[in-house]
Structure formats: C-alpha cells, structure tokens
C-alpha cells in the first residue's frame with residue numbers, strides 16, 4: 001500500500017523519512033527532488049495508521065501532506 005508525501009522541504013531526505021515512517025511498519029521510501037515522495041508499506045493496516053497519525057503534522061518544521069497513492 002502506497003502513500004504520497006507532499007510539500008517536503010529540500011533538506012528532508014530518504015533516511016529522515018524512513019525513521020519517521022518505520023515506526024508504523026516495514027516500508028520503502030522514495031523521495032523526488034521536486035519536494036514530494038512515496039512511502040510503500042508491506043501491509044495496508046500500517047499505511048492506514050501512518051496516514052491517520054501523520055497527516056497534517058509538522059515534520060522537520062513543515063506541515064506534511066499525506067494521502068493514498070495509486071503508485
């Protein structure tokens with residue numbers, strides 16, 4: 001199950017995001033230079049929990065845009 005991560009600061013990288021999202025379950029994070037990325041979880045329940053708990057929260061000083069992705 002995949003989540004879209006938007007409005008990422010240029011200073012936020014893959015390692016930082018993995019630390020944030022791994023507490024919800026095993027995942028793979030891909031960050032694009034244009035300020036967005038994707039996190040893919042092995043299990044739907046883990047992605048759902050991450051979405052519920054992190055959507056709109058400040059991560060590294062910026063409000064996180066988080067939504068389901070078709071990717």
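Please treat every number below as a calculation from the coordinates, not as lab data. These numbers come from a predicted model, not from an experiment. Glycine gets a Cβ as well: all are built from the backbone with ideal geometry, and neighbour counts include every protein chain shown.
Specify the angular offset, from 0 to 90 degrees and rounded to the nearest 10, of the alpha carbon long axis of helix 44-54 from the longest principal axis of the alpha carbons in the chain.
40
Simple spin-label model, 7 Å along Cα-to-Cβ: residue 14 to residue 33 in nm?
Going from the residue 14 label point to the residue 33 one covers 1.5 nm.
Normalising by the residue count of the chain, find the relative contact order in percent from Cα pairs under 8 Å and 6+ residues apart.
For the chain, the relative contact order is 44 percent.
Applying a 10 Å radius around every beta-carbon, put 25-33, 1-9 in order of their mean neighbour count, most first.
Peptide ranking by packing, descending: 1-9, 25-33.
Using just the Cα positions, wrap segment 2-68 in a convex hull and report its mean projected area in square nanometres, one decimal place.
3.7
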